Amino acid sequence: MNIIRVKDAQEGGKKAFEVIQEGMNKGVKTFGLATGSTPESLYSTMVASDLDFSDKISVNLDEYVGLSADDDQSYRYFMNSHLFDQKPFKETFVPDGKAADLDAECKRYDQVIEDHPIDIQVLGIGQNGHIGFNEPGTSFDITTHVVALTESTINANKRNFEKVEDVPTHALSMGIGSIMKSKKLILMAFGVEKADAVKGMIEGPVTEELPASILQKHDDVVVIIDEAAASKLK
Ligand code: PGA
């Protein structure tokens, strides 16, 4: 793992942008993208840049079950408002949280990933070590699946909702097996509440109990962390 320490999320977003820019110079085509507060500084840097993504493809990690694209809590809405509306891509994929048949939607999304192999995947990490919505205990081999969100994740995400009961209980998530097939991974983590998960990911055993620990087995990972997220590392 190439571990880059930064002052704060702002500087972290700029570092991640540099990795993306380098990839663009090498002709990468498909970006795996993430939502949440972590990648916001990367997306604002992309929006402010003069890079042109109009021939690029994006494939997002996950979506809440039950939320439509025009719901302002949906991840499709997040991606449109934080990035795609200002920086158009050729084509953008996010799982459909309103699909009538969720199993069929998972299969469709696996086909999307197969048709568009991901060159660079952007990741955040949950306080419990999840990547995407792959919660602790999820098989490392899994592809797109329906997830029952853990209490930890629901509590972490309730800040974006009026009340905790409004947080969806289920999501669709790209699997760890698919994430690991991406050619390059950029994982960002900012804030002390991520320190335990970051320590486990980097220094702990590779275990399904801490999904991000599998990144130790990938040969091209850039980890961008601020002082607080790095505070428990040896
Ligand atoms: P956050 O979420 O960026 O909102 O902290 C990260 C994650 O849960 O993967």
For the chain, what are the DSSP H helices with axial Cα length of 20 Å or more and mean Kyte-Doolittle hydropathy of at least 0.0? none
Show me the three semi-axes of the equivalent ellipsoid for segment 44-146, from the C-alpha gyration tensor (sqrt of 5 times each eigenvalue), largest first, rounded to whole Å. 23, 16, 15
Which one, 73, 54, 160, is farthest towards the positive end of the dipole of the chain when Lys and Arg carry +1 and Asp and Glu -1 on their Cβ? 54
Placing one identical point scatterer on every Cα of segment 2-70 and ignoring solvent, what is log10 I(q)/I(0) from the Debye formula at q = 0.16, 0.25 Å⁻¹? -0.65, -1.26
Compactness ratio of segment 124-186: Cα Rg over 2.2 N^0.38 Å, N = residue count? 1.17
How about segment 110-200: which GluC sites (Glu not before Pro) there are in a DSSP loop, with at most 15 other Cβ atoms within 10 Å of their Cβ? 162
I need the trypsin sites (Lys or Arg not before Pro) found in segment 78-126, filtered to DSSP loop residues with at most 12 other beta carbons within 10 Å of theirs. 90
At 222 nm, what helix-only mean residue ellipticity would the chain give, in deg cm²/dmol to the nearest 500, using -39500 (n - 2.57) for each DSSP H run of four or more? -8500 deg cm²/dmol
Accessible area of segment 2-226 with a 1.4 Å probe: how many percent of it is carbon plus sulfur? 47 percent
What fraction of the Cα pairs in the chain, stated in percent, has a spacing above 26 angstrom? 31 percent
Under a Cβ-Cβ cut-off of 13 Å, what is the net charge of the residues other than residue 160 that fall near it, where Lys and Arg count +1 and Asp and Glu count -1? -2
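The values are calculated or read from the model by the stated rules, or taken from the named source; none is laboratory data. The structure displayed is predicted, hence computed values, not measured ones. We place every Cβ from the backbone using ideal geometry, glycine too, and count neighbours over all the protein chains shown. Surface accessibility is based on the protein's heavy atoms, side chains included, excluding ligands, DNA and RNA. Shrake-Rupley method; radii C 1.70, N 1.55, O 1.52, S 1.80 Å.
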